[in-house]
Amino acid sequence: MPNKYVGQPIKRTEDPRLIKGLAHYVDDIKLPDTLHVVFVRSVYAHARITSIDTADALAAPGVAAVYTGKDVAGIGPVPCAGALPGLKVPDHRVLAQDKVYFVGHPIAAIVATDRYAAKDAADLVMVDYEDLPVVVDVEEAANGGTVIHESFGDNIAYKLTSGEGDIDAAFASADRTVKQRILHTRLAPIAMEPRGVLARYFPGEEELTVWSSTQIPHLLRTQLAIMIGIPENKLRVITPEVGGGFGSKLNVYAEEALLGWISMQLGKPAKWIETRRENMQATIHGRGQVGDIEVAFKNDGTLTGLRYSVFADLGSYHQLLTPAIPTLTGLMLSGSYKIPAIQMNVTGCFTNKMATDAYRGAGRPEATYVVERGLDLVAVDLNMDPADVRRKNFPAADEFPFHTATGLDYDSGNYAAALDKAQGIANYAKLREEQKAARAEGRLVGIGISTYVEICALGPSQAMPAGGWESATVRIEPKGDSPHWRFAPRPGSGNFVCANCCRRTWRASQRCHGNSRRYGHSPIRNRNLW
Amino acid sequence: MKRAINLSVNGVARTDEVEPRLLLVHYLREVLGLTGTHVGCETSLCGACTVMLDGQAVKSCTMFAVQVEGSEIKTIEGFATNGELHPVQEGFWEKHGLQCGYCTPGMIVTAAQLLERNANPSREEICRGLEGNLCRCTGYQHIIEAVEYAASKTAGK
């Protein structure tokens, strides 16, 4: 097939509306009689709620309703799809019940005729708290810190050991070993557009439409239908333009279910647009691993084993993939290298924070950091060039398909040739000379080397049994136009493959994205560049 | 108590009664329906809400509508004239200066002001000129190229 589009520079068909300010993100969609929702959120990281007085808020101008935890206890829990053996799953309701577990934990929803009125009324809600000891350090959480979910008895959500090969023998037979503590700092994903939801219920047709700034409209539809208790075929999720996600919108959030439910209660459209402060507090965070790496190797730099023992800071509740993210680290710990034995020991812990979940690589960049840092430690220990340590441990081109001790099969590759090429382009030998000269003058110059291999576009497989399918339909309309309808949203990616396969012009390959009327999946892990 | 404001937005005279606390960005988006101006941070940090106020790029999320009494405002919707894109808009399209597009209107407004003040900026001057506008998708390289494109396009006219 001639390739006219994939990998070619091309002007995107969606750009005119975006550069003219005419595109529609969730908050740009206006429906008549829309009510606006503002949340009252916890200012404590851990506290018992002793009382909530909503009387003044209810009496405030423009207020249509105020809901607290007891009103919405019937809405299904916020779902977690990470099914790990023995996983403890807290009952995650859409508004706090008797306790709050993190700063930003939603306590009450104020519904009013405009967002200023809703905000005014939110300030009138009086919440009495009895503050409790807070656990923010993940190791303290694991080792005797205040128990966050009392019924569990401790803060350990799960423990998991993964990997193949005889790790004890690897360390016992090694010439040398190195060990290092490493931190993957917790961070906030911060999409430029915060989250937002608009829900509209038609009581006669019993149909609910939810517009959400999400990366996963189809999964969201299924999960919202379960949470709210509405037939899935009566629920439609539409993702308009999405102002960035980076994984933070690859989730099912309490607010999405609440907005749908509120619209059903009041028979009017309801809108919530997240503030940046809420976004920092109550949209998922990323990373949050504190671990130790141990590397076993021979005197010539050949690796014999890698062990990574890590505490994963999960936060107080599981969001959609929270506990599963560290397991992706475990899958990628072999990096680009032959390591005969690998072991990862994860202790997933509850802390008094928002949940961590998928953020930019979702556990896999953490693995790259672990293994590359490990190789640098080996290089320092042996006084070897870090590029040579890497080259020494690459599988040879004729060793592919190559089975890793993390359980994956890499189908093809020629890593040594790629590194040779990169070193040639960078003129590595000269850079090392310049570094030496600079250091002789007392200037510090560093040269960092990293290789990277990633498991992408995760589909159904032994390594990732979570499903993940796409559907797309190309229809020829009676008039002869050929609009391309595809059904995953567009948080910044493009649409290349269809135009190529269909041998249509780029412009003809228009599409309707992010609409849950046909089932599909998501743009997660770069899977939807088409 | 509402107050009357009179101003011009994208060349159209407006008179509206607004609450004194109504933010300019909410006036533009909610009252006038000009939703191309976005809200990103609410604290003047990200620049997604940038509009032209009497020829100066300002962040509309931290101004009140009543502060712009008697002013001329140009929003992103006012940049293409008679169906023709502004050179900066063209640059963003040509040079892939956007992905999700959320920061783009603010970037375009700021870049337009930058070029009005300095028709032939260096890369460093473009970076400095755009430092009040954040983008999470592109890594900025294509945005700088978009502004360079607009500068050379304007110079060639």
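The values are calculated or read from the model by the stated rules, or taken from the named source; none is laboratory data. It should be emphasised that the depicted structure is a prediction, and the values quoted were computed from it without experimental measurement. Methodologically, a virtual Cβ is constructed for each residue, glycine included, from the backbone with ideal geometry; neighbour enumeration extends over all protein chains shown.
For the stretch A:29-45, a residue qualifies if it is touching a strand residue (DSSP E or B) at 6+ places or on another chain (Cβ under 8 Å), of a type outside the set (A, V, I, L, M) and within 13 Å of another protein chain (Cβ to nearest Cβ), and the qualifying residues are A:THR34, A:HIS36.
Residues being polar (S, T, N, Q), under 27 Å from A:ARG287 (Cα atoms), within 14 Å of chain B (Cβ to nearest Cβ) and in contact (Cβ under 8 Å) with a residue 24 or more places away in the chain are represented in the stretch A:222-244 by at least one member. Considering only residues of the stretch A:364-396 that are under 15 Å from A:GLN289 (Cβ atoms) and of a type in the set (Gly, Ala, Ser), which is nearest to the chain's Cα centre (by Cα)? Across the stretch A:364-396, the extreme among qualifying residues is A:ALA367.
For the stretch A:166-190, how many residues are buried (at least 16 other Cβ atoms within 10 Å of the Cβ), of a type outside the set (A, V, I, L, M) and under 24 Å from A:ASP381 (Cα atoms)? Matching residues across the stretch A:166-190 total 3.
In summary, helices (runs of 4 or more DSSP H) completely within the stretch A:405-516 and bearing 2 or more residues that are modelled with pLDDT of 60 or more and among the basic types (Lys, Arg) occur at A:428-440. Looking across the stretch B:6-49 at every residue that is at the interface with chain A (Cβ under 10 Å from one of its Cβ atoms) and of a type in the set (A, V, I, L, M, F, W, C), the one that is surrounded by the fewest Cβ atoms within 10 Å (Cβ to Cβ) is identified as B:LEU45. With the requirement that a residue be over 28 Å from the mean Cα position of the chain (by Cα) and either crowded, with 20+ Cβ neighbours inside 10 Å or within 7 Å of another protein chain (Cβ to nearest Cβ) (or both), what does the stretch A:4-15 give you? Those that are over 28 Å from the mean Cα position of the chain (by Cα) and either crowded, with 20+ Cβ neighbours inside 10 Å or within 7 Å of another protein chain (Cβ to nearest Cβ) (or both): A:TYR5, A:LYS11.
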